[in-house]
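For reference, the structure is listed below as structure tokens.
Derivation of every value follows stated rules applied to the coordinates shown; laboratory data play no part. Here the structure is a predicted model, which means the values were calculated and not measured. With ideal geometry, Cβ positions are generated from the backbone for all residues, glycine too; neighbour counts draw on all protein chains shown.
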């Protein structure tokens with residue numbers, strides 16, 4: 001017997017012996033039950049062993065066989081992918097680097113600080129070798145990728161053997177997996193070439209949580225409330241899995257009904273069960289708060305997570321000061337332009353122009369003015385992601401010749417001469433020497449104000465929180481299309497609908513769409529995007545995936561303002577982006593396959609997008 005299988009077998013023999021003894025023994029000699037974390041650890045170890053065995057002894061031999069047995073190879077691949085869903089909650093949570101090499105997107109990983117690109121690996125890369133057709137000439141690559149997968153699984157085994165965690169970690173993992181299914185699983189994010197596999201995999205991911213929760217089954221002597229909450233959580237898992245397995249096709253699946261009727265109640269039930277067992281959620285600062293029961297809770301997100309340090313978190317005084325600075329032209333060299341000159345509150349903090357004029361009014365700025373509503377909920381700023389924080393963004397904009405052509409140092413000097421501002425700064429930064437204003441304070445105040453511009457309370461959000469009259473049938477259909485057939489949700493991730501990847505929300509993605517210079521142009525827009533700052537070929541013409549919240553007020557669209565209407569934008573995607581329109585975009589990350597959305601379906605998507613309006617107080 002292979003060593004890894006033997007190890008897994010012995011683990012489960014030992015566990016089985018303990019369970020048998022626990023069920024048959026009586027009296028004081030009965031051995032104490034192992035702690036739940038130990039049971040969870042053994043369960044995950046067994047699943048890792050099983051997955052590795054299948055990769056090594058079934059998938060790899062088939063990949064090496066000549067000629068390749070296509071049907072058998074695909075069958076074993078799909079089986080391995082289902083087995084991976086049993087360990088995914090823990091690899092993603094505890095080993096994100098390894099998880100990317102087990103089941104990450106089939107595009108290279110960019111390390112901007114090192115100006116390096118790392119090749120993709122894992123199940124999604126193997127999928128490209130098997131679908132839509134098996135190319136015999138690609139067999140060496142397939143074998144190579146399966147061997148890499150085997151190596152990463154061995155690494156995951158090694159890490160898992162020494163990993164320690166608490167009960168709070170387990171419940172955190174459980175809820176994050178529910179969130180992962182909602183935001184990624186049911187959209188086909190993991191199965192871009194085999195969308196019909198998405199729902200069975202999502203069902204397996206949910207089913208895999210049941211034995212983990214079973215490790216925390218209350219005893220007969222537990223409080224009645226704890227037993228009830230546990231039973232409700234287990235029943236919610238069963239019902240969610242059952243809904244995912246109802247046999248509906250990928251395009252027809254009702255994602256709205258699943259989320260509101262099954263996933264959200266499951267998240268709440270798991271949190272209630274955790275609290276019923278006196279296991280407190282974590283208190284650390286995260287983008288998605290550790291005690292969020294669903295992705296759609298009104299206070300689920302904490303914008304302060306993206307601040308550089310805790311010293312730059314928001315306070316009411318800093319927000320008020322930042323609001324005043326935002327509207328004051330004192331930050332520009334000529335004292336004629338403020339932040340609000342381009343980010344106008346009544347236009348969702350945009351300007352309604354394809355591109356605004358430069359400060360000297362002798363030309364146009366480089367790109368379209370994006371909204372800053374909910375911009376705090378992303379891990380990178382600007383279309384080219386050149387700034388990692390809102391604080392860094394402030395330095396860039398103020399110093400840009402075309403935009404404000406000023407400096408925070410000179411602005412601090414000017415503000416120092418205004419007693420009213422001196423008092424405001426002292427109130428916002430009482431720890432600083434009295435009367436002293438510095439550039440970092442200006443950055444912090446501006447960023448604090450922008451972090452206050454988060455208001456996830458659109459009609460869509462209200463519907464997700466229980467107000468069932470908030471959306472009509474067309475808008476619900478639009479959401480289901482957005483998250484399914486139209487594939488919008490695989491880049492504009494719910495619930496923020498930007499490129500910040502759930503459920504961790506620590507990374508913001510960019511895409512190469514192939515946007516033309518103008519709607520009528522038969523040429524690619526010349527803007528190099530991220531490539532201008534990080535010269536890796538994958539980033540040529542790559543731009544941040546922005547939020548589609550408040551699109552009713554943020555036209556025109558795209559980094560260059562090429563499209564003035566949502567109809568134009570939807571047509572662009574429906575045709576397969578730039579490459580689908582016939583442009584040469586060799587590194588396009590958007591699929592160039594046509595979506596075949598009908599006019600009625602495009603109208604439904606547009607109706608849903610308009611239901612995402614949630615402009616906050618100014």
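A few notes on this one:
- 0 to 90° range, to nearest 10: angle between helix 316-326 axis and the chain longest Cα axis: 50
- Average Cα contact separation per residue, the chain, under 8 Å, 6 or more apart, as relative contact order %: 12
- Ellipsoid semi-axes in whole angstrom, largest first, where each is sqrt(5λ) of the Cα gyration tensor of segment 154-196: 27, 17, 5
- Cα long-axis angle, helix 167-183 against the chain (0 to 90 degrees, to the nearest 10): 70
- For peptides 239-248, 127-136, sequence by mean Cβ density within 10 Å, most packed first: 239-248, 127-136
- Length-normalised contact order for segment 304-451 - Cα pairs under 8 Å, 6+ apart - percent: 32
- Each principal axis of the Cα cloud of the chain was taken in turn, and the coordinate range along them, longest first, works out to 83, 60, 49 Å.
- C-alpha center-to-center spacing [segment 586-604, segment 338-395] in angstrom: 28
- Folded to 0 to 90 degrees: helix 390-399 orientation relative to the chain principal axis, Cα: 30
- Rounded, prolate or oblate (a/c below 1.5 giving rounded, otherwise prolate when a/b exceeds b/c) for segment 49-131 by Cα gyration tensor: oblate
- FRET efficiency for residue 438 and residue 506, using Cβ-Cβ distance with R0 set to 30 Å, rounded to 0.05: 0.55
- Compared with the alpha-carbon gap, the fully stretched path from residue 246 to residue 38 is longer by 71.5 nm at 0.36 nm per residue.
- Antiparallel bridges, percent of DSSP beta bridges restricted to the chain (to nearest 5): 95
- Annotation for segment 54-98 versus segment 472-541: alpha-carbon center distance of 29 Å.
- Residue-averaged 222 nm ellipticity for the chain, from DSSP H runs of 4+ at -39500 (n - 2.57), nearest 500: -14000 deg cm²/dmol
- Spin-label model, residue 422 to residue 474: label points 7 Å out along the Cα-to-beta-carbon direction sit 6.0 nm apart.
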